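J.: Provided herewith is a single structure, encoded as structure tokens, for subsequent inquiry.
The values are calculated or read from the model by the stated rules, or taken from the named source; none is laboratory data. Owing to the predicted nature of the structure, the values given are computational and were not obtained by experimental measurement. Note that we place each Cβ from the backbone using ideal geometry, even for glycine, and neighbour counts take in every protein chain shown.
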Amino acid sequence: MTSGSTTTTTTTTTSGADAASASARRGPALVVLCFVQFMLVLDDNVVSVALPSIRDDLGFGAAGLSWVVNAYFLAFGGLLLLFGRMADLLGRRSVFLAGVALFGAASLLCGLAQEPWQLVTGRFVQGAGAAMCAPAALAMIALLFPGPGERARAFGVWGGIAGLGGTTGLVISGALTGLASWRWIFLINLPVALVTLVLLPRLVPESRAGRAGRLDVPGAVLGTGALVSLVYGLLRTGESGRRDIGGLGPLVLAVVLAAVFVVVEARTAEPLVPLAFLANRFRAVANGATLLFSAAMYAMAFLLMVHLQTVLGYRPLTAGVAYLPYCAGILAGMWLSSRAVAGLGTRPALVLSFLISAAGILLLSGVTPDVGYASGVLPGMLLTSLGCGLTLPALTVAALTGTTEENAGLGSAVLSSVQQVGGAVGVAVLVAVAARRTDALAAREGPLPAATEGFSLALTVTAALLVLGAVLVAALPGERDRPRTG
């Protein structure tokens, strides 16, 4: 009896020590995961400030330059669902660490690139690594912080770090490009990747789903192929004009691949994206609005950063610092968002926020070479960022409405994919619009006036996309018609 009692006491003490040790590791683990998230979000837009320097150094064309952004978007958005499923089946920590290693190697390739194709390839591989990291990291945080209150706080920290990465990336990019070289915006990722690979295995245990399943590789291949073909066709058309047959082929291929994707997903026992999930009206409308919003905002950031440096003559560091008020506007909008939703309801708050952003972009479309920063750039930037901050939280809530514990992860992955794809398509289409308008006017009006006209037209189309998004949001079901589950 004494021996048995002693054994029981020892086991209990050991279990308590293990639990205390695991609890003590949660904070450092969250810090490491948040640093990786900061790195991933930063690389979403860190190239924006450096694009003119990259163009001049490596010899990119105007429309081809957008592939530096699009390659990352496409791989991230196209592979996110597949790697999220892979993390559940093969082990979340293992897939996450593999993604970090891949992202680090791709960052080195980008930093050492000597030709345009090398940089674009590196960016695509970076996006694939990010797609492996992001869903696995979210799953690990959910397991590390199982209580509702502590999980909400952990995701709040996670979201804050993500927002910080998105807004400070432009400043960091400007500083590195202006003071050193654009190559350092990629090489700076290497220490973060190395530290993560060393520390995370000591902080987070392995975990995987209990139920066996299989990966829908055909769905991922077809979906990613359709997206790549679509954006390539749009870029080719933008470079060569609508009469170029070479741009028509990829667009037709995109439609065919998308149709085959739908057929395959309908017949697959464990599809990458169950069609019934996408058929939910509320989520479908919310994700459609997200697509338009992401297309508009990513394209605006791309076009404005190039315009500031190419037409207004800002140095990279100055252009990065000029974006600081945008950060403040987003933070103010996010602080007001929950109050707007509580006071007005999700649908009216979203309609208002879309229209505020559209008004800000219209103001920015009037920025010409002879206007000052305070009178020309700043008002439109503040209004656009306020609308963006108001939109992001409310749109996320709308896109995840009605999800359950079984499909909340899928809902998050679909939303993230839509955001990435929207950004890629928006940049492709609107950069092509600006490039064609600029080329058409350059001989007659000169390079700077032509570039200004191209910028203005593209931002006007961008504002129209947000107005269309507001109309789409207005079609959301009312509060009483919202889906509860499923």
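J.: Among ALA359, ALA349, which is assigned by TED's automatic domain parsing to the domain that holds GLY446, at pLDDT below 90 and either assigned to a helix (DSSP H, G or I) or farther than 18 Å from LEU465 by Cα (or both)?
T.: ALA349
J.: Out of (1) modelled with pLDDT of 85 or more; (2) surrounded by fewer than 24 Cβ atoms within 10 Å (Cβ to Cβ), what's the single condition that is false for VAL68?
T.: (2)
J.: Among the residues in segment 212-229, are any of a type outside the set (A, V, I, L, M, F, W, C), over 22 Å from the mean Cα position of the chain (by Cα), in a loop (DSSP other than H, G, I, E, B) and modelled with pLDDT of 75 or more?
T.: Yes, some residue in segment 212-229 is of a type outside the set (A, V, I, L, M, F, W, C), over 22 Å from the mean Cα position of the chain (by Cα), in a loop (DSSP other than H, G, I, E, B) and modelled with pLDDT of 75 or more.
J.: While we're looking at this one, here's another question. Answer yes or no: is there a residue in segment 111-124 that is out of contact with any Lys or Arg (no Cβ under 6 Å at 6 or more places or on another chain) and more than 30 Å from THR310 (Cβ to Cβ).
T.: no
J.: Quick check on segment 263-280: of everything there that is out of contact with any helix residue (DSSP H, G or I) (no Cβ under 7 Å at 6 or more places or on another chain) and either farther than 23 Å from LEU291 by Cα or assigned to a loop (DSSP other than H, G, I, E, B) (or both), which residue is modelled with the highest pLDDT?
T.: ARG267
J.: Further question: Does VAL285 count as β-branched (Val, Ile, Thr), in contact (Cβ under 8 Å) with a residue 24 or more places away in the chain, farther than 30 Å from SER365 by Cβ and crowded, with 16+ Cβ neighbours inside 10 Å?
T.: When the stated conditions are applied, VAL285 does not pass them.
J.: While we're looking at this one, here's another question. Could you identify the single residue in ALA98, ALA139 that is buried (at least 19 other Cβ atoms within 10 Å of the Cβ), modelled with pLDDT under 90 and over 16 Å from the mean Cα position of the chain (by Cα)?
T.: Within the list ALA98, ALA139, the selection yields ALA139.
J.: If you don't mind, there's one more thing I want to ask. In segment 48-64, is there at least one residue being at pLDDT 75 or above, closer than 30 Å to HIS307 by Cα and surrounded by 24 or more Cβ atoms within 10 Å (Cβ to Cβ)?
T.: Checked segment 48-64: at least one residue is at pLDDT 75 or above, closer than 30 Å to HIS307 by Cα and surrounded by 24 or more Cβ atoms within 10 Å (Cβ to Cβ).
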